[in-house]
Amino acid sequence: MPIPYLSNITVFKHRITSSTLILVLGFCAPVMALANAAEYRGGRPDNNTSRWGIGIGAISQQQGITGIDRNTVVIPFLSYESQYVRWFGPSIDIKLPSVIIDKAQQIKFSLTGRYDFGGYDDDDIDDTPILQGMDEREGGFGIGAKAQWQNPWLDVYAQWMSDVSGDRDGYYFSLGVDKRWIFDQQIMVSPRIVAVWLDDNYVDFQYGVQSHEATVARSAYTGEATVNIELGVRVAYLFDRSSSVFIDGSITSLGDEIKDSPLVDSATENKLMIAYLYKF
C-alpha cells in the first residue's frame, strides 16, 4: 500500500513525536494477540512461551507547526515477548501480576521505559522558517506505568510517563478505549479514542518560545498544560502464525494551549503508518 509523500522519506530522523511513538509501540500488543489467536486455535495460548520478531514500518505524519513539511520515516525494529518482558523497538515493559476479575475480564499492569524522539533537530530548523533561530529540542528517556482493563465490551487503558533524562522534565497521562474485532482469526479491526494530558513542561518543550528565541514574527510563549484528543483505527492481517501486516490512521485535535503557540497554525495533526512484522 503506498505511503503519501514518499519523496520526504527519512530513516531515523529525529522528528518523531511522543504520540507517534505511542502509536508505533501500541501496534505490538494487538498484532501479538492476533498472532496468538491463529497460533493456538481451539485452546488457550501458553503464557510461558517467548518469541522474537523483526519488522519494518513507515510512518507519514503532518505536524501542526507552521510551514513544516509532512514527514515520513522508515523504522526497522526488533521485538521480544515473554511471560515477564515485552520489548518493542525503543520501549521495554516489565509485566506485573494481573488482577483476574472473571473468565472474561482482567486488569493488566506493567512498568515501562522508552526513548521519546520528540522535539526537532537542526534539519527541521533549517527547513522550517518559523523555527529558524530556535534552539534544538532533543529527545529524552521516560519511565512510567500503565494499566489495561480487558473485558468483552471495550478495552480501557491508562498510562503515565515522566521524563528522567532532564531534557524536558515533563510528563503526560493518557486514557483511551478501543474495541477490537477479529474476523476468521486473520483480520483485526480496532477503532480507538484517546485523551492525552500533557503537563506545562512537556508543552513548553515542544511548542514554547523562550525569550532569547523571540522575534518580530515569533513572540515569546510559555507552554501550559493541555489535553489532546486522538481518533484512530488500525487494521491488521495475519498471513500465517509468523507474518502479519498492519496499517493505522489517526487524527489528533490539539489542545488550546498548543494552538495558542506562535509556532502552530493548525488545529489538528494526522498520521498514517503501515508495517510488517515477522515472528520467529
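So which residues in the range 246-269 are crowded, with 17+ Cβ neighbours inside 10 Å and either without any contact (Cβ under 8 Å) to a residue 12 or more places away in the chain or assigned to a strand (DSSP E or B) (or both), if there are any at all? Full working, then the answer.
Step one: filter the range 246-269 for residues crowded, with 17+ Cβ neighbours inside 10 Å, giving 246-248, 250, 252, 254-255, 257-258, 261-264, 269.
Scanning the range 246-269 gives Phe246, Ile247, Asp248, Ser250, Thr252, Val264, Glu269.
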| note | For the range 125-165 the number of residues that are among the hydrophobic types (A, V, I, L, M, F, W, C) and within 18 Å of the chain's Cα centre (by Cα) is 8
| Scope the range 211-245; condition over 28 Å from Leu272 (Cβ atoms), touching a residue at least 40 places away in the same chain (Cβ under 8 Å) and in contact with a Phe, Trp or Tyr (Cβ under 9 Å, 6 or more places away or on another chain); matching residues | Tyr221
| remark: The residue that is surrounded by the most Cβ atoms within 10 Å (Cβ to Cβ), considering only those in the range 69-87 that are among the aromatic types (Phe, Trp, Tyr) and modelled with pLDDT of 85 or more, is Trp87
| Val233 is checked against (1) farther than 22 Å from Ile68 by Cβ; (2) among the aliphatic types (A, V, I, L, M); (3) at pLDDT below 95; (4) surrounded by fewer than 21 Cβ atoms within 10 Å (Cβ to Cβ) and fails just one. What number does that condition carry? | (3)
| surrounded by fewer than 16 Cβ atoms within 10 Å (Cβ to Cβ), free of Cβ contacts under 8 Å to residues at least 60 places away in the same chain and touching an Asp or Glu at 6+ places or on another chain (Cβ under 7 Å): does that describe Asp169? | yes
| said: It is to be established whether one or more residues within the range 88-105 are more than 16 Å from the chain's Cα centre (by Cα), modelled with pLDDT under 90 and of a type in the set (Asp, Glu). | reply: no
| query | Is there any pair with a first residue in the range 143-160 that is buried (at least 17 other Cβ atoms within 10 Å of the Cβ) and a second that is outside any strand (DSSP E or B) and of a type in the set (Gly, Ala, Ser) whose Cβ atoms are under 9 Å apart and which are 6 or more apart or on different chains, and what are they? | reply | Gln148/Ala29; Gln150/Ala104
| message | For the range 149-180, which positions are under 21 Å from Ala236 (Cβ atoms) and in a loop (DSSP other than H, G, I, E, B)? | response | Asn151, Pro152, Trp153, Leu154, Lys179, Arg180
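Does Ala220 qualify as being surrounded by fewer than 21 Cβ atoms within 10 Å (Cβ to Cβ) and hydrophobic (A, V, I, L, M, F, W, C)?
In short, yes.
The values are calculated or read from the model by the stated rules, or taken from the named source; none is laboratory data. The model shown is predicted, which means the values in this text are computed figures rather than measured ones. Here the Cβ is made from the backbone with ideal geometry for all residues, glycine too, and neighbour counts use every protein chain on show.
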